[in-house]
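Rule-based calculations on the coordinates, nothing more; no lab input. Computed from a prediction, not measured in an experiment: that's the story for all the values here. Note that each Cβ is placed from the backbone with ideal geometry, even for glycine, and that neighbours are counted across all protein chains shown.
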Amino acid sequence: IILIVIKYGRNQKKEKELKDVVEIVTTKIKENKEENKPIGNIEVKGYKVEGIIKISKINIEYPILEKTTDEAMQYSVTHFWGDSVNAIGNYTIAGHNNIDGTMFGNTDRLEEGDIIELTGLDGKKVQYIIDPEDVSCVKSVKAGTREVTLITCQNGHKNRLVTKAREIEQE
């Protein structure tokens, strides 16, 4: 029980630190957009931030770190596959499935029609809608589309939970 409490406390501390990073990124995007200049590098524990993922339904908002390593995944969700945030094609994000609901711990609660929002460092936000029809993991469903795939572990790291979403077409 003591180990669980310690781990929970560490996760909550990380959550606070990541919320601060999201706030810094959001502020810099707003400031630099007005001045029409690049945001520059923002890092978390030595890993560059590529953008922000927000899923309101499960109350998460995290910086997306530049690459997937065991160490990087201890801090935040990570870029696993694809070119860049909101580029045409499939952008895949990996994150731990923490039992306390942090990181991708509640992605199993997402359903068809739920929204995932990605913000690039250029300030561009794209919303994606959960698409249960897609059975591929890292390939694009259709050429010329934007997609996001979330990957996490479950069942004691024995299985993977994959959540697939495609861009909401704006009218």
Counting only DSSP beta bridges with both partners in region 8-110, the antiparallel fraction in percent, to the nearest 5, comes to 85 percent
Cross-link reach from Lys67 to lysines, straight Cα distance under 17 Å and at least 8 residues apart if same chain, gives Lys45, Lys48
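Local charge sum around Lys33 (other residues, Cβ-Cβ under 14 Å, Lys/Arg +1, Asp/Glu -1)?
Values: positive: Lys28, Lys30, Lys37, Lys124, Lys125; negative: Glu31, Glu34, Glu35, Asp122.
So the surrounding residues net to +1.
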Of region 91-134, those with amide N under 16 Å from the point 7 Å along the Cα→Cβ vector of Lys57 are 104-118, 127-134
Summing -39500 (n - 2.57) over every DSSP H run of at least 4 in the chain, dividing by its residue total and rounding to the nearest 500, the 222 nm mean residue ellipticity is -8000 deg cm²/dmol
Two pseudo-spin positions, 7 Å from Cα along C-beta at Gln74 and at Tyr8, lie apart in nanometres by 2.2 nm
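Local charge sum around Tyr62 (other residues, Cβ-Cβ under 13 Å, Lys/Arg +1, Asp/Glu -1)? Don't skip to the answer; put the middle values down first.
Numbers: positive: Lys14, Lys16, Lys19, Lys54; negative: Glu15, Glu17, Asp20, Glu23, Glu50, Glu61, Glu117.
So the surrounding residues net to -3.
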So for R0 = 45 Å, FRET eff. of Glu112-Lys37 from the Cβ-Cβ r, to 0.05, ends up at 0.70
Between the modelled labels at Lys45 and Lys19 (7 Å from Cα along Cα→Cβ) the distance in nm is 1.9 nm
